[in-house]
1. Which net charge results for the neighbourhood of N100, defined as the other residues with beta-carbon distances under 15 angstrom from its beta-carbon, given Lys and Arg at +1 and Asp and Glu at -1?
2. Among the GluC sites (Glu not before Pro) in region 43-125, which ones are in a DSSP loop with at most 13 other Cβ atoms within 10 Å of the Cβ? Mind listing them?
3. Can you check what the net charge comes to around H137, using other residues whose Cβ is under 10 Å from the Cβ of H137 (Lys, Arg +1; Asp, Glu -1)?
4. Tell me what the chain gives for mean residue ellipticity at 222 nm when only DSSP H runs of n ≥ 4 count, each as -39,500 (n - 2.57), the sum divided by the residue total, rounded to 500 deg cm²/dmol.
5. Per-residue HN-Hα couplings for region 25-33, Karplus 6.51 cos²θ - 1.76 cosθ + 1.60 at θ = phi - 60°, whole Hz, x for Gly and Pro?
6. May I ask you to list the chymotrypsin sites (Phe, Trp or Tyr not before Pro) in region 157-247 that are in a DSSP loop and have at most 10 other Cβ atoms within 10 Å of their Cβ?
7. Across the Cα atoms of region 64-188, what radius of gyration and what greatest pairwise Cα-Cα distance (Dmax) are found, in Å?
8. Using a Gaussian network model of the chain whose springs link C-alpha atoms within less than 10 Å, name the residue from A141, A158, A46 with the highest mean-square fluctuation.
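Throughout, read-outs are computed from the coordinates displayed, never taken from laboratory work. Please read these numbers as outputs of a predicted model, since none were measured by experiment. Note: ideal-geometry Cβ built from the backbone for every residue, glycine included; neighbour counts use all protein chains shown.
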Amino acid sequence: MTFDQPSNAENPACSTQLHVAVIMDGNGRWATNRGWPRLVGHRKGAERVRELVNACPDIGIKYLTLYAFSTENWKRTTEEVMGLMSLFARYIKREAGRMNRSGVRMRIIGDRSRLDKNLRDLFDWVEQETAGNDLVHLTIAVNYGGRDEIRRTTTDIARDVAAGKLRLEDVNDELISKRLDTHFLPDPDLVVRTSGETRVSNFLPWQAAYAEYVFTPVLWPDFTPQTMNTIVQAFGTRERRFGGVPK
Ligand code: FPP
């Protein structure tokens, strides 16, 4: 992949181990603007996912976490929900081979209990199939909600405390992070939301406490690797203080 801009591998201000999380928004509007069914927008969105994953090493992204279906998205029509679930399944079946050839490890976060058994089996399968890869860590959030994740995690912790398996004094930020769905990931450095909305919509509220946020008007089906490269380049010039003072 070549970019109009220089690759971030040569940008000393940019870590090449970035964790970027994305709220992929605007698929519906993209399709509706063209007089097409919303699912056409989601299909185009899936193509953008594939392109972005392939471009991650060039952009300097090691961890890419994508919000694909929230705990609130069940309110959509059955047709759209079923269409999205089929799209996730098709994506995994089509991309598993390519992910293995290009060193992509794929994992899924969120509450799987409400998902169809075939999809759950496919999630288990792709996680095992790509477990040996380490170049890019792709995490897809399906039936994910930050509050739901924190509720599930804190309930588990409370249960262990009540059973005497854990002491109350041992409950700290690190322990909570290690028990969240994202226990295998570093916290995100950058959260990008497309389509001009400026909400965070229950996406990684614990993990993104110190992340930088970028809101772009670009609709997700128009979001190319070049768009991400430009955002990451700009991020490399921002100073992060984590509550401290400037150096
Ligand atoms: C939000 O746009 C997007 C979604 C709820 C679905 C995201 C799914 C994909 C990009 C498809 C494929 C993903 C993978 C991982 C294969 P919206 O529909 O709310 O758009 P709108 O706000 O314009 O209606």
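1. +3
2. E72
3. Around H137, the charge tally is +2.
4. -13500 deg cm²/dmol
5. Per-residue couplings from phi come out as 10, x, 4, x, 5, 4, 6, 4, 4 Hz.
6. Of the chymotrypsin sites (Phe, Trp or Tyr not before Pro), the ones in loops of region 157-247 whose Cβ has at most 10 other Cβ atoms within 10 Å are F242.
7. Spelled out, the Cα radius of gyration and Dmax of region 64-188 are 16.2, 48 Å.
8. A158
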